[in-house]
C-alpha cells in the first residue's frame, strides 16, 4: 500500500464527517426555525394593533404598543382564567402523582404486565368518547361548573400518563437497592418510600411537568364542564374569536401571557426534565 492511500483514507472519512455535521446542523436549524417562527410572530403581534396584525406589510419593525395587554388586564377575565388553570393544573397533577407513582412502582417492580396493558389502554382511549356520559353523570350530582369536575377530568388523563412514564423508570432502577433495604428491616413499601422514591425524583418531575402542561393546555374538558366562574385559559382565548371579527391583538397578548407560566416551569424544571428523560430511556 502506498503512502498516498494511507493519507487519503482518513481525509475522506474526515470530509464525510464534516459533511454529515453540516447536514445535521442545517436540519436542526430548519426544524428550529419552523417551531420558533410562530412563537416569534405571536410575541410580536401582541404588541401590534389589529390593523398592523392583519397588514402583511408590517413585519418585525413597528412601533410597539401595550394597549392589548392593558385591555385584557383591565377586563380581568384572562387573569382569573389563569388562576383557574393554575389551581386545576397543580391540584390534578399532585393528586395524579400521589396515585400514579406508587402504582407505577408496583407494576414495574412486580412485573404486572396485564395491569400495564390496561393502563396503556386507558391512556389511548379518546377522552372525547367519554364526554357525554361524564357530563350526564356529573350533571346528576351537581358538579358541572365546579373545580372538582375539572380536576377529576384532568386526572383521567394525568394518572395513566404519569403511570406509564414511571413504569419504565422504576423497571430500570436496580432492585438490589430495595433488597438491601429489606435486609435491614424495611417493608416493601418502606423500601420504596425511603430508597426508590428519592431516586425516582427526576422521573416524577418529568411526568408531573408533562401532566401539568397537558392540563394547562386542555381545551375540551374546560369547554364542556366549566362555567364563566371556573373557565380556564384555553376557553378564555376562544372568547376572543367571534362570528363577526377576531381581536387578534388581544388574542396574541393573552396567548403570550398564558405561555409564560409553562415556559417558567420548563426552565425551572429543566434539570429534572432532562435527567428524567435520559434515565427513563435506559435500564440496568
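The values are calculated or read from the model by the stated rules, or taken from the named source; none is laboratory data. Note that the coordinates shown come from a computational prediction; the quantities given were computed from them, not determined experimentally. Glycine also receives a Cβ, built like all others from the backbone with ideal geometry; neighbour counts cover every protein chain displayed.
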First in the stretch 214-228 and assigned by TED's automatic domain parsing to the domain that holds residue 123 and in contact (Cβ under 8 Å) with a residue 40 or more places away in the chain, second anywhere and in a loop (DSSP other than H, G, I, E, B) and surrounded by 24 or more Cβ atoms within 10 Å (Cβ to Cβ), Cβ under 9 Å, 6 or more apart:
215/232; 216/232; 218/232; 221/232; 222/232; 226/232
Number of the condition not met by residue 96 [criteria: (1) loosely packed, with under 10 Cβ neighbours inside 10 Å; (2) within 25 Å of the chain's Cα centre (by Cα)]
(1)
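Hey, can you tell me all the residues within the stretch 109-126 that are part of a helix (DSSP H, G or I) and surrounded by fewer than 16 Cβ atoms within 10 Å (Cβ to Cβ)? Give the steps one after another, and end with the answer.
Filtering the stretch 109-126 for residues part of a helix (DSSP H, G or I) gives 109, 113-124.
Residues satisfying the conditions are 113, 114, 115, 117, 118, 120, 121, 122, 123, 124.
Out of all the residues in the stretch 229-263, which are outside any helix (DSSP H, G or I), under 15 Å from residue 147 (Cα atoms) and touching a helix residue (DSSP H, G or I) at 6+ places or on another chain (Cβ under 6 Å)?
Those that are outside any helix (DSSP H, G or I), under 15 Å from residue 147 (Cα atoms) and touching a helix residue (DSSP H, G or I) at 6+ places or on another chain (Cβ under 6 Å): 230, 231, 232.
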Any residue at all in the stretch 23-35 that is within 19 Å of residue 255 (Cβ to Cβ), out of contact with any strand residue (DSSP E or B) (no Cβ under 8 Å at 6 or more places or on another chain) and not assigned by TED's automatic domain parsing to the domain that holds residue 252?
yes
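Restricting to the stretch 166-183, what's the tally of residues that are assigned to a helix (DSSP H, G or I) and over 23 Å from residue 119 (Cβ atoms)? Even if it seems obvious, please write down each step before you answer.
From the stretch 166-183, those assigned to a helix (DSSP H, G or I) are 166-172, 175-183; that's our starting set.
Restricting the remaining residues to those that are over 23 Å from residue 119 (Cβ atoms) gives 176-177, 179-183.
The number of residues fulfilling the criteria is 7.
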Failed item in (1) surrounded by 14 or more Cβ atoms within 10 Å (Cβ to Cβ); (2) under 24 Å from residue 155 (Cα atoms); (3) free of Cβ contacts under 8 Å to residues at least 12 places away in the same chain, with residue 190 passing the rest
(2)
Restricting the stretch 142-165 to residues that are assigned to a loop (DSSP other than H, G, I, E, B) and in contact with a helix residue (DSSP H, G or I) (Cβ under 9 Å, 6 or more places away or on another chain), the residue that is nearest to residue 90 (Cα to Cα)
146
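Has the stretch 270-277 got any residue that is surrounded by 11 or more Cβ atoms within 10 Å (Cβ to Cβ) and modelled with pLDDT of 65 or more?
Initial filter on the stretch 270-277 (surrounded by 11 or more Cβ atoms within 10 Å (Cβ to Cβ)): 270-277.
Cutting the leftovers down to modelled with pLDDT of 65 or more gives us 270-271.
Within the stretch 270-277, one or more residues are surrounded by 11 or more Cβ atoms within 10 Å (Cβ to Cβ) and modelled with pLDDT of 65 or more.
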Scanning the stretch 184-228 residue by residue, those part of a loop (DSSP other than H, G, I, E, B) and under 12 Å from residue 101 (Cβ atoms) turn out to be 200
Residues of the stretch 206-250 being at pLDDT 90 or above and within 25 Å of residue 55 (Cβ to Cβ), which ones?
none
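Check whether at least one residue in the stretch 127-141 is out of contact with any strand residue (DSSP E or B) (no Cβ under 7 Å at 6 or more places or on another chain), closer than 24 Å to residue 107 by Cβ and crowded, with 16+ Cβ neighbours inside 10 Å, and report yes or no. Show your work before the answer.
We begin by selecting, within the stretch 127-141, every residue out of contact with any strand residue (DSSP E or B) (no Cβ under 7 Å at 6 or more places or on another chain); these are 127-141.
This time we only want the ones that are closer than 24 Å to residue 107 by Cβ, so: 127, 130.
With the extra rule that they be crowded, with 16+ Cβ neighbours inside 10 Å, the set shrinks to none.
Looking through the stretch 127-141, none of the residues is out of contact with any strand residue (DSSP E or B) (no Cβ under 7 Å at 6 or more places or on another chain), closer than 24 Å to residue 107 by Cβ and crowded, with 16+ Cβ neighbours inside 10 Å.
Do we find a residue being at pLDDT below 80 and either assigned by TED's automatic domain parsing to the domain that holds residue 255 or in a helix (DSSP H, G or I) (or both) anywhere in the stretch 94-108? Before the answer, list the steps.
Let us first name the residues in the stretch 94-108 that are at pLDDT below 80, namely 108.
Those still in the list that are either assigned by TED's automatic domain parsing to the domain that holds residue 255 or in a helix (DSSP H, G or I) (or both) too: 108.
Within the stretch 94-108, one or more residues are at pLDDT below 80 and either assigned by TED's automatic domain parsing to the domain that holds residue 255 or in a helix (DSSP H, G or I) (or both).
For residues in the stretch 44-70 being under 25 Å from residue 234 (Cβ atoms), assigned to a helix (DSSP H, G or I) and out of contact with any helix residue (DSSP H, G or I) (no Cβ under 6 Å at 6 or more places or on another chain), which is modelled with the lowest pLDDT? Let's see the steps before the verdict.
Keep residues of the stretch 44-70 that are under 25 Å from residue 234 (Cβ atoms), which gives 44-50, 53-54, 66-70.
Pick out the ones that are also assigned to a helix (DSSP H, G or I) and you get 44-45, 50, 53-54, 67-70.
Going one step further and asking which of them are out of contact with any helix residue (DSSP H, G or I) (no Cβ under 6 Å at 6 or more places or on another chain), we end up with 44, 54, 67, 70.
Values: 44: 86, 54: 79, 67: 87, 70: 87.
Ranking the qualifying residues of the stretch 44-70, first place goes to 54.
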